[in-house]
Structures are given as structure tokens and as C-alpha cells.
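Peer 1: Provided herewith is a single structure, encoded as C-alpha cells, for subsequent inquiry.
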Amino acid sequence: MAHELEVWLFADRVGTLALVDGRLNFCYAPDWLSQPGAVALSTSLPLQAEPFDDRKARPFFAGLLPEGQMRRLIALQFQVSGQNDFALLDHIGGECAGAVTFLKPGQVLPVPTRNDDVQWLSDEEVVAILDELPRRPMLAGKDGLRLSLAGAQEKLPVVFDGDRIGLPFNGTPSSHILKPAIHAVQDSVMNEGFCMALADIMQLKPAKTKVHVVSGRSFLLVERYDRLIDAQGHRQRLHQEDFCQALGVVPEMKYQNEGGPDLTQCFDLVRRATRPSAPQVLRLFDCVIFNALIGNHDAHAKNFSLLYSGKALVLAPLYDTLSTAVYPTLTPKMAMKIGTKYKFSEVQARHWDQFAEGVGLAKAQAKRRILELAKSLPANARKLQSDPGYAFVDNAVVEQINVLIEQRCALTIRRLTDPASENNAYAGSSV
């Protein structure tokens, strides 16, 4: 028995996702293929009349869903199997990353009113939602809400306007992603808020973020780069896909050590998919260096994305960036190797060279850029920490991040400029 969902991109029905004998099958609609302006859902799902089987289709569609405990709890809410991607998209695939919406056959795409269908929340209601999210991710099952975001961290698509926070109903696009504090990770909100602000100072073009406090509860509000306001004042969706989706890799294999993408594959994707590619490649290179120097060990392939700008593809703004290395209980291994090394403390000049060569950059050019960032990052981080416009001044985690940045930058400069340092491993445990 086959079950079907219609797949919409923007305001067009582009194809059908079916579940046949427990496996996904996707086929583009003939009407969509015949349109002169037709675009593919993914670089891994090119426009073609032939259907895509489960092996080809699942990476993109499963990649739209939450992972881990969030996914398990949502499945329990709807009494479906946690492995059933199709059922989960049926229940929560209304407001996803990018411009994709899933509807039952014959359903009409919801069209929000001019004022949008938003339930504005009081401070008490915001706090109640923060308390509810660990038990009910994405507020799954709440009437009129069909919200989905990838990843294992608690988060919620919301509308943020001035100081108001609201829930988007009946097809209304969200404007921000609300990210509560991560349980058992000290001050994760301030950590990510600081690292994202630092990325902005370093001109890495990250998503815009703001640490927001309601009734003493802090959380991060991340402006969605895949949403924009058009000339008529309506919020519109932009399409996007993460690197795993684009490379046809299922989300449970997002880490390199699980068989997921490595940095060479990521750079090859950007070089192949974007136009002009050179600025995008150099920006990705900066992001990789930045993540290494701040200690973001969780920069796997689902934490980089491509953004569809018209028919063109560009590297999406940097997101999900925080210093995991300051927490001794979290892994010291980076999600993707630099050269042949997973551990930053083991990265020598030759490993930076291997990395540069593997991603198609000249070693001398790469070395110059690594040194530029390593020399400018610590001063910029300290300046940001002391900026009275933020709440970073007396924060203990921010201080730990700054110490770690200073250690990592000093180590990198020494190893890239002093050949004798090749044989001296760094003893600092926090690096």
C-alpha cells in the first residue's frame, strides 16, 4: 500500500513523496518539469522525470526533520515509529528549513492573511513554552502548528517583531529560530551568542542573533536567513539545503568518522554548485579556520548550507556556532579532520597544508589567511567581551572562550612560523 504527500516549493506543487513498502520514493510532477523556471529541490535530486528511490530521496527529506531525542518524542506524540520519516513529515512538515511544505493530496497550500496568522505570546506563555519544549519538541501536536527544523538541539520556529514573540499558524512563515539553553551545557546561550557576534565582527557573514531574556530566562533568537520581507511587506521563504542533503548523505551519518562528508567534499560541493564560486570557497575556508580557533568541534556537514538566491546558489550564512571545546565533558575531536587530524592540539603546519591542498587552495595563500585570522581574532574577541552593548563582560564562559582562543591562536601562529614547533605537542588540556 502506497501513502503519498504532495511536495510544494514556494507556492508550486513540485512533486510527490510516497511511502512504498516502508521506503521513500520521490517523483517530480510533470507540470513542474515543464515550467521554464523550474528548479530542483536539491543538488542531490536533479530535475528528471524518473523517480528517486529511497537511497537517493531519503537524505534530503530525512534531513528536514529533528534528530535524536527530539525526533523520538515527536514520534511518541503522534504514535508513529521514530524511523518513519514519511509519517513525521506528514505531521510536522508545514514550516521547514528552506521553502518546502508537505500537504496531503488535494489539500490547498495555506495562504496567510496580510497580517499573518500569528499567536502573540505573553511573557508567561513564552516561559511556559520553554518549559514544555523538552517534553514536546516543536510543540508537536498543537492545533494549526506544523513546524520542523533539523538537528538534535531544542529549538522552535517563531515570529519575532520588535519585542513580541509569536507562533506561526496555518502556513505563516516564521522569522526567527528560538534556541533555549542546552541542558547540561553551561550557559550555552551566552556561548553561542558570543561566538556568533564574534563571527560577525570577523566579517564571516553569520546569521543575525540576539540573546533575549524573558522573566529571567535567557534564550537565543536567530534571524532566519531563509526568510525575507518582499516589497509588499510580506514574509517570503527562500529555499536552502544543508551540505548533507546536497551531497546525498543521510543525517545519521553527518560526522566524518561515521562516513559522513569531509572538508574536501564540502569544498568540492561549493566549487561545483555556486557561481561565482571563488568568493564562496574563500568564505567557507574562513569559517573552517574560525571554528577551529574558537573550539567549535561540532561543525559537521549539516551545520553548513547552500542558499538558493533565485536560480543561483550561494554559501548560506554561518550558523550553529559555539565553542564546545570549553566544556571538558564534550569530545575533543573535531567533526571534520584538518589534514589527517581530528584533534586541534595535534594540528601541525603540515596538516594545515594537507587541508589547503585537499580543498584546492594554494598552501602559501592558505597559510597567510590562517595567520591573519589567528593574529586578529584574540583582540577582536576581547574587544567584544568588553563592549557595554552586550552582556558578555562578567560572563565566566565567555572568559573561558577568550582564554581558549588566545591559546589556540598562539599555538597556530607558533606552529606556522616556527619549524621547530613541529615536534612539540602542546600540553594545554583546554586546547
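Peer 1: Rounded to the nearest 500 deg cm²/dmol, what is the calculated helix-only ellipticity per residue at 222 nm for the chain, with -39500 (n - 2.57) per DSSP H run of length n ≥ 4?
Peer 2: -10500 deg cm²/dmol
Peer 1: Right, here's the next one. Enumerate the calculated ³J(HN,Hα) couplings along region 98-103 in order (Karplus 6.51 cos²θ - 1.76 cosθ + 1.60, θ = phi - 60°), each rounded to whole Hz, writing x wherever the residue is Gly or Pro.
Peer 2: x, 10, 9, 9, 10, 10
Peer 1: Let me ask something else about it. How many percent of the accessible area of the chain is carbon or sulfur, using a 1.4 Å probe?
Peer 2: 52 percent
Peer 1: Quick one: Cα centre-to-centre distance for region 1-60 and region 286-357, in angstrom?
Peer 2: Rounded to whole Å, the Cα centres lie 31 Å apart.
Peer 1: Which angle from 0 to 90°, rounded to the nearest 10, does the C-alpha axis of helix 349-358 make with the longest principal axis of the chain?
Peer 2: Around 30 degrees separate the two axes.
Peer 1: Moving on to the next point. Dipole of region 282-383, Cα-centred, from +1 at each Lys and Arg C-beta and -1 at each Asp and Glu C-beta, to the nearest 20 debye?
Peer 2: With only Lys, Arg, Asp and Glu charged at Cβ, the dipole is about 200 debye.
Peer 1: Suppose the chain between Lys375 and Gln236 were pulled fully straight at 0.36 nm per residue; how much longer would it get relative to their current alpha carbon spacing?
Peer 2: Contour length minus Cα-Cα distance gives 46.0 nm.
Peer 1: While we're here: Reachable lysines from Lys179, Cα under 25 Å, same-chain residues fewer than 8 places away excluded?
Peer 2: Lys142, Lys155, Lys205, Lys208, Lys210, Lys254, Lys302, Lys333
Peer 1: Find out how many positive minus negative residues lie around Gly151, taking Lys and Arg as positive, Asp and Glu as negative, among other residues whose Cβ is under 11 Å from that of Gly151.
Peer 2: 0
Peer 1: Hey, another quick one. So how strong a dipole does region 1-73 carry about its Cα centre when Lys and Arg Cβ are +1 and Asp and Glu Cβ are -1, to the nearest 20 debye?
Peer 2: 300 debye
Peer 1: Further question on the same structure: Please compute the per residue accessible area over region 26-156 with all protein chains in place, 1.4 Å probe, rounded to a whole number of Å².
Peer 2: 45 Å²
Peer 1: Under 10 Å from the Cβ of Leu416, count the other residues' Cβ atoms, weight Lys and Arg +1, Asp and Glu -1, and hand me the total.
Peer 2: Summing Lys/Arg as +1 and Asp/Glu as -1 gives +2.
The values are calculated or read from the model by the stated rules, or taken from the named source; none is laboratory data. Predicted, not measured: the structure shown is a model, and the values here were computed from it. Counting neighbours? That spans all protein chains shown, and the Cβs are built from the backbone with ideal geometry, glycine included. The protein model used for the area step is the full one, side chains on, heavy atoms only, and it has no ligands, DNA or RNA in it. Shrake-Rupley method; radii C 1.70, N 1.55, O 1.52, S 1.80 Å.
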